[in-house]
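The values are calculated or read from the model by the stated rules, or taken from the named source; none is laboratory data. Everything numeric in this text was worked out from a predicted model, so none of it was measured. Positions of Cβ are backbone-derived with ideal geometry, glycine not excepted, and every protein chain shown enters the neighbour counts.
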């Protein structure tokens with residue numbers, strides 16, 4: 001359970017999931033506009049919405065949670081303004097985001113054999 005005092009920022013623009021601790025910390029500062037060492041959680045997803053990383057500072061270093069969905073997608077919370085770079089959610093909102101939503105199975109396209 002995440003304490004209610006912890007702020008959770010969900011970045012609304014997709015990120016390259018090859019970024020690690022320092023790259024995501026820089027994004028928290030430059031894109032979201034928050035101090036990555038503030039104790040807040042910063043959530044980032046990729047363009048396909050099937051990978052997610054959560055970054056936070058824990059007293060003496062960064063921690064990261066990574067999740068990859070196979071037959072589901074992460075559904076980002078909606079924003080009031082399309083130009084918003086992040087959305088603040090609570091613990092329940094983070095739980096819903098991490099759960100993902102089922103996606104339609106991809107169908108293989110039949111090859112034209114003419």
Please go through region 56-72 and pick out each residue that is modelled with pLDDT of 95 or more, farther than 16 Å from residue 3 by Cα and in a strand (DSSP E or B). 62, 63, 64, 65, 66, 67, 68
Could you check how many residues of region 1-25 are more than 21 Å from residue 92 (Cα to Cα) and more than 15 Å from the chain's Cα centre (by Cα)? 1
Index of the failed condition, residue 65 passing every other in (1) touching a residue at least 40 places away in the same chain (Cβ under 8 Å); (2) in contact with a helix residue (DSSP H, G or I) (Cβ under 9 Å, 6 or more places away or on another chain): (1)
I'd like to check something: does region 36-45 contain any residue that is touching a helix residue (DSSP H, G or I) at 6+ places or on another chain (Cβ under 6 Å), in a loop (DSSP other than H, G, I, E, B) and surrounded by fewer than 15 Cβ atoms within 10 Å (Cβ to Cβ)? no
Single residue of region 4-15 satisfying the filter (assigned to a loop (DSSP other than H, G, I, E, B) and touching a residue at least 24 places away in the same chain (Cβ under 8 Å)) that is farthest from residue 48 (Cα to Cα): 4
Looking at (1) exposed (fewer than 14 other Cβ atoms within 10 Å of the Cβ); (2) not in a strand (DSSP E or B), find the lone condition where residue 77 falls short. (1)
Out of (1) out of contact with any strand residue (DSSP E or B) (no Cβ under 9 Å at 6 or more places or on another chain); (2) part of a helix (DSSP H, G or I), what's the single condition that is false for residue 18? (2)
